[in-house]
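Worksheet for the structure shown next.
The values are calculated or read from the model by the stated rules, or taken from the named source; none is laboratory data. Bear in mind that the values here come from a model prediction, so they are computed numbers and not experimental data. Reconstructed Cβ throughout: ideal geometry from the backbone, glycine too, with neighbour counts over all protein chains shown.
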Amino acid sequence: MFTFLLISCGKKNFTQSSDLKRIIGENNLVKVYSDEKNLQQTQAIGIMKLGCTVSHLGAGYAVTAGHCFTKHKIPGKYENETCADSRYDILWGYTINSEVSERSSCQKIVLLEHNDLKDYALFKVEPVPLYSLKIAKKKNILLNSLISIISHPRKRTQEWSTWCTVENYLSSSGPRRQFLYSCDTEKGSSGAPILDSSFNIIGIHNFYNAEFELNGATDIHNTEIPEIVSMFQK
């Protein structure tokens, strides 16, 4: 297979090409290669043993999709529940060229919401990973905003969606809790961070919308996560 080095808007050197089935239009998923320039991103993203993608926000707080916790697939809101289960163990920084990666175990679900408008889980892990992602300060997600996703499709090493744009919202009135995009994902990408052009988190990937034929995410600023983590993210 012919491979090439892909530079992401001149900012991060993440990838080489991958040969996968298409998802939305042509498949743009590419393998992530860790180096000293992107450790802050690649080492802060992990794969849960059962398959979902996880992001570390700092101080042992991690985020993924709410439906990734199997006993919480019934819609609802859950707080302060134990999650000491080996299925929720996390391997951080798992890329195609990684040699040694950190591992953490889920200790407690701080807050989980799973319904038609929101699907996310904030939970505590130990040991605390060295690297973390920041939540974007800008709260309004604009149409045509440049975004990308790093995830673990089908439990593979990290793959990058390359760049796409925000194409629609699901709610025409009230809080825009969910937004849609054409960035490629697969099973296992659930919970992956939606990253803005500065590689800060703006959303949590968790669904595919058949009507628009686009992937979708929960807007992180329409959850309680920013308030909870504001004590250590400046």
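Some points to look at:
- The residues of the stretch 190-234 that are among the acidic types (D, E) and at positive phi amount to a single one, E213.
- Matching residues in the stretch 223-233 - criterion: being more than 16 Å from the chain's Cα centre (by Cα) and not β-branched (V, I, T): E224, E227, S230, M231, F232, Q233
Condition check ((1) within 24 Å of E102 (Cβ to Cβ); (2) assigned by TED's automatic domain parsing to the domain that holds S98) across all residues:
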position: P129; (1), (2): yes, yes
position: W160; (1), (2): yes, no
position: T165; (1), (2): no, no
position: N168; (1), (2): no, no
position: K187; (1), (2): no, no
position: L195; (1), (2): yes, no
position: N200; (1), (2): yes, no
position: L214; (1), (2): no, no
position: F232; (1), (2): yes, no
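- The conditions of being outside the structural domain of E113 (by TED's automatic domain parsing) and under 16 Å from the mean Cα position of the chain (by Cα) are not met by L50.
- Failed item, numbered, when C183 is tested on (1) in contact with a strand residue (DSSP E or B) (Cβ under 6 Å, 6 or more places away or on another chain); (2) closer than 17 Å to T64 by Cα; (3) part of a loop (DSSP other than H, G, I, E, B); (4) not hydroxyl-bearing (S, T, Y): (2)
- Taking the stretch 38-137 as the region of interest, the strands (runs of 3 or more DSSP E) fully inside it that hold 2 or more residues being touching a residue at least 24 places away in the same chain (Cβ under 8 Å) and crowded, with 16+ Cβ neighbours inside 10 Å are 45-48, 53-58, 61-64, 90-92, 103-114, 119-126.
- Here the stretch 15-37 is the region considered, the condition is being out of contact with any Ser or Thr (no Cβ under 6 Å at 6 or more places or on another chain) and modelled with pLDDT under 50, and the residue that is surrounded by the fewest Cβ atoms within 10 Å (Cβ to Cβ) is K21.
- Within the stretch 191-230, tally of residues that are in contact (Cβ under 8 Å) with a residue 60 or more places away in the chain and part of a loop (DSSP other than H, G, I, E, B): 10
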